[in-house]
Amino acid sequence: MADTLADLGLDLGLYIAGEWRSALGRDTQPVLNPATGESLDHLPLATTQDLDDALEASERGFKAWRTTPPEARAAVLHRAAALIRERADMLAAIVTREQGKPLAEARGEAIYSAALLDFHAGEAMRSYGRVLPRPPGLRSLVVKQPVGPVAAFCAWNFPVINPVRKISPALAAGCSVILKPSEETPASAIAVMRCFQDAGLPGDVAQLVFGVPDTVSRTLLASPVTRKLSFTGSVPVGKQLMRLAADTVMRMTMELGGHSPVLVFDDCDLEATLDTLVAHKFRNAGQVCVSPTRFHVQEGIYDRFAAGFAERTARIRVGDGRDAATGMGPTANPRRPGAIEAMVEDARSIGARLLAGGRRLGGDGFFFEPTVLGDVSHDARAMNEEPFGPLALLSRFSTEEEAIAEANRLPYGLAAYCFTQNGRRQALLGDAIEAGMIVINNVRTSWTDAPFGGVKESGFGSEDGPEGVEAHMMTKAIHAS
Ligand code: NAD
């Protein structure tokens, strides 16, 4: 198997003002294959001049793109969607190589990204305003306009979807965008940007930069050119960026971390619930902001649930994502196995029972076994901090009130999952749980036409759905007589 990115026909670079800029004369950093720990290539990092050039281009790009007719903007997005579908196998190969998830998951990510682009293309046509009733001679209009150049930052866990989720609604609204994806998964974002380039997006409208994250975010957010911050990543980094953005009072969309509770009631369909939950828990090795993490199970079925969960987990085959038999790949970077190991040890030291997995796997890759802990104390670190790895935490409850209190205990509020056949209870849970997405008897949180986002410290300003484009528009009232 080839083990460089060049073998996939991809050179790493920055995309600024419609040109690719190479490593020549720039600092670089290695991009690792998480399955082997080996370097795949070296990524150029932006200089101060690169960032200044990107800002200038973004300002020019906005002026041109905001007056481009919505039909023309939509056509570019549809063409980019078609190219992503056409290149899905190549994109999947890149994602698996630099991020580790199995090929089938990576391909699904590419296909869903194309659906997002098609949805946003439709929304580009629907930025409606209002005409308000007034006495004769007076007319009041409410109009929507693109907010301006966007600075977007996103994490490594969905190297194709995350960049598309940032670029696509911005372009639909008529904004230009400078994107800084994760330096750990740059090739996927580069391949996405090539789709936009080949779809005919004018060069100044979208820029792609990599660099020292703190320098890039400080530079882009301090500039008066930037009118919106859009971020997907951890709560601490999100708070830091919000502080920087406050200086120029810019608009923000913050898609931050979560610690999703799963409430499993005695009356659920137990076998179907287990099949669904175990598959969902270990998707992308648990490195998903909406990953189910805290499994609160009613006492009448707790023992059967724990046994069924552990038994299914032990059957998951861990390996290189390029192997078709692999059910779960490595974690994405060398930080995750140590972080998960420390959480497992901490939970066990205060009484958690190890039901499956629990160890790092040998070799040079960043592997950790799919792990299940039972009877986990609510004081365990993992029950309070986002685990972001292949770790399922089980605990028991007796009453509905207790389950709801536990679901709402943390400052996070992204997704929550509930399994119960009781209709009255389903309605109550939908009302009472503090989360941006509440999913009952299934696990799907992402639909192109529905808002995706959190409440409390998980963020604000949903992505996807009409809300995702609306978040890139400003509202003006015009009163004329
Ligand atoms: P991290 O907080 O160091 O980094 C998260 C992302 O933010 C990375 O892509 C990084 O490049 C970027 N980043 C870091 N500092 C930045 C800055 N100053 N300006 C702009 N971008 C910056 O965490 P990590 O070790 O890479 O990942 C672990 C944690 O990240 C997890 O605990 C989880 O909370 C969070 N995470 C969340 C998501 C999500 O979808 N919400 C995705 C990936 C990671």
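The values are calculated or read from the model by the stated rules, or taken from the named source; none is laboratory data. From a predicted model like this one, the values you see are computed outputs, not experimental measurements. When we count neighbours, we look across all protein chains shown, and the Cβ atoms used for this are built from the backbone with ideal geometry, even at glycine. Only protein heavy atoms, including side chains, enter the accessible area calculation; ligands, DNA and RNA are left aside. Shrake-Rupley method; radii C 1.70, N 1.55, O 1.52, S 1.80 Å.
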Looking at segment 332-340, is at least one residue assigned by TED's automatic domain parsing to the domain that holds Q287 and either more than 15 Å from the ligand (Cβ to nearest atom) or aromatic (F, W, Y) (or both)?
no
For segment 303-325, enumerate the residues that are over 17 Å from D364 (Cβ atoms) and either surrounded by fewer than 17 Cβ atoms within 10 Å (Cβ to Cβ) or in contact with an Asp or Glu (Cβ under 8 Å, 6 or more places away or on another chain) (or both).
D303, R304, A307, G308, E311, R312, A314, R315, R317, A324, A325
Mind listing whichever residues of segment 77-103 are open to solvent by 10 Å² or more (accessible area, probe 1.4 Å) and within 19 Å of S168 (Cα to Cα)?
H78, R79, A82, L83, R85, E86, R87
Give segment 119-138 a look and list any residue that's surrounded by fewer than 19 Cβ atoms within 10 Å (Cβ to Cβ) and in a helix (DSSP H, G or I), or say none.
G122
The condition of being among the aliphatic types (A, V, I, L, M) and crowded, with 24+ Cβ neighbours inside 10 Å holds, among I161, I167, only for I167
Close pairs from segment 61-79: first among the hydroxyl-bearing types (S, T, Y), partner open to solvent by less than 30 Å² (accessible area, probe 1.4 Å), Cβ under 9 Å, at least 6 apart
T67/G174; T68/V76; T68/G174; T68/V205
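Checking the condition in contact (Cβ under 8 Å) with a residue 24 or more places away in the chain and within 30 Å of M474 (Cβ to Cβ), which residue from A106, A82, A172 passes?
Details: A106 fails: within 30 Å of M474 (Cβ to Cβ); A82 fails: within 30 Å of M474 (Cβ to Cβ).
Answer to the check: A172.
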Of (1) within 16 Å of the ligand (Cβ to nearest atom); (2) under 20 Å from I340 (Cα atoms), D320 satisfies all except one. Which?
(1)
What pairs come up if the first residue lies in segment 135-162 and is over 24 Å from G174 (Cα atoms), the second is among the aliphatic types (A, V, I, L, M) and within 10 Å of the ligand (Cβ to nearest atom), and their beta carbons are under 6 Å apart, counting only those six or more places apart or on different chains?
W156/A332
